[in-house]
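Remarks on the structure that follows.
The values are calculated or read from the model by the stated rules, or taken from the named source; none is laboratory data. This is a predicted model, so every value here is computed, not measured. Virtual Cβ from ideal backbone geometry, glycine too; neighbours counted across all protein chains shown.
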């Protein structure tokens with residue numbers, strides 16, 4: 001059992017708020033991200049986050065793995081954002097002989113939120129983006145299980161898919177009008193829409209040069225983690241390194257998806273997958 005589990009939630013929240021206030025005041029001394037993991041959620045991003053955090057030159061946010069600045073907290077100041085990252089001298093000391101430190105954060109919602117990537121381009125135009133895509137059919141089912149377990153989804157999988165378009169209707173427009181608005185449905189009940197990866201990659205390429213965007217396929221990463229990890233750290237300009245292990249985190253076993261629902265999702269994703277394969281110039285591992 002961790003030390004944190006013994007700390008009352010109220011005390012933990014107060015400590016976190018105090019740290020962020022201190023971080024904001026010392027923002028000019030802190031490192032900013034050189035790359036950001038943008039998602040997709042339920043695609044293995046936690047496993048990749050931990051593998052990257054193991055690299056001696058890589059530093060993560062001081063509190064949580066994701067700051068949620070570009071999706072849920074864009075109304076905060078840039079100093080507030082920088083305040084979540086370590087002091088530069090601490091990062092340099094950690095990196096040691098491995099070169100310049102590289103800070104990063106991760107949010108599985110960034111790639112899907114309609115305003116997150118444009119906001120990144122405005123604030124950090126030189127930042128590199130790392131996206132991880134998974135078989136969208138399996139990802140949708142995994143997302144539904146995850147949100148159901150958290151109490152954010154109360155419909156069965158098939159019914160949730162039937163309701164999705166109505167649930168999301170007008171939400172993106174409302175988010176655009178009000179930066180402080182957090183759409184519950186868009187964040188927690190967009191099981192099918194989040195797997196339309198071609199549209200998401202289009203948005204990344206619209207706002208960032210293609211050479212600043214690296215796309216990984218979850219199936220490739222878990223099948224050949226050493227090779228995929230090496231490709232990634234080469235893209236990030238990091239020194240050669242391999243973690244001690246590549247573990248899979250947050251897997252959630254369950255009963256199989258009904259065949260009829262699977263076929264419906266496969267038909268839905270077919271044009272998106274075809275376009276994504278053309279954009280990437282490589283076969284999809286789930287195709």
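Hey, can you tell me all the residues within the stretch 73-100 that are in a loop (DSSP other than H, G, I, E, B), touching a residue at least 12 places away in the same chain (Cβ under 8 Å) and surrounded by fewer than 21 Cβ atoms within 10 Å (Cβ to Cβ)?
74, 75, 77, 86, 99, 100 - these are the residues of the stretch 73-100 that are in a loop (DSSP other than H, G, I, E, B), touching a residue at least 12 places away in the same chain (Cβ under 8 Å) and surrounded by fewer than 21 Cβ atoms within 10 Å (Cβ to Cβ).
Are there helices (runs of 4 or more DSSP H) fully within the stretch 153-237 with at least 2 residues that are over 19 Å from the mean Cα position of the chain (by Cα)? List them. Steps first, please.
Numbers: elements: 157-168, 171-177, 184-188, 197-207, 218-223, 225-236.
Once the helices (runs of 4 or more DSSP H) in the stretch 153-237 are filtered for at least 2 residues that are over 19 Å from the mean Cα position of the chain (by Cα), what remains is 157-168, 171-177, 225-236.
Residue check, residue 155 against (1) modelled with pLDDT of 95 or more; (2) out of contact with any helix residue (DSSP H, G or I) (no Cβ under 7 Å at 6 or more places or on another chain); (3) more than 16 Å from residue 268 (Cβ to Cβ), all met but one. Which one?
Single failed check for residue 155: (2).
So for the stretch 242-254 (the condition being loosely packed, with under 13 Cβ neighbours inside 10 Å, under 25 Å from residue 101 (Cβ atoms) and within 16 Å of the chain's Cα centre (by Cα)), does at least one residue qualify?
Yes, the stretch 242-254 contains a residue that is loosely packed, with under 13 Cβ neighbours inside 10 Å, under 25 Å from residue 101 (Cβ atoms) and within 16 Å of the chain's Cα centre (by Cα).
Under 6 Å by Cβ, and 6 or more places apart or on different chains, what pairs join a residue from the stretch 19-34 that is within 30 Å of residue 211 (Cβ to Cβ) with one that is assigned to a strand (DSSP E or B)?
That search, which allows pairs on different chains as well, returns 30/87; 31/103; 33/103; 33/104; 33/105; 34/102.
Yes or no: the stretch 61-70 includes at least one residue that is surrounded by 23 or more Cβ atoms within 10 Å (Cβ to Cβ) and part of a helix (DSSP H, G or I).
Checked against the condition, which is being surrounded by 23 or more Cβ atoms within 10 Å (Cβ to Cβ) and part of a helix (DSSP H, G or I), the stretch 61-70 yields no hits at all.
Pick from 36, 20: which is assigned to a helix (DSSP H, G or I) and either out of contact with any strand residue (DSSP E or B) (no Cβ under 8 Å at 6 or more places or on another chain) or under 16 Å from residue 128 (Cβ atoms) (or both)?
20
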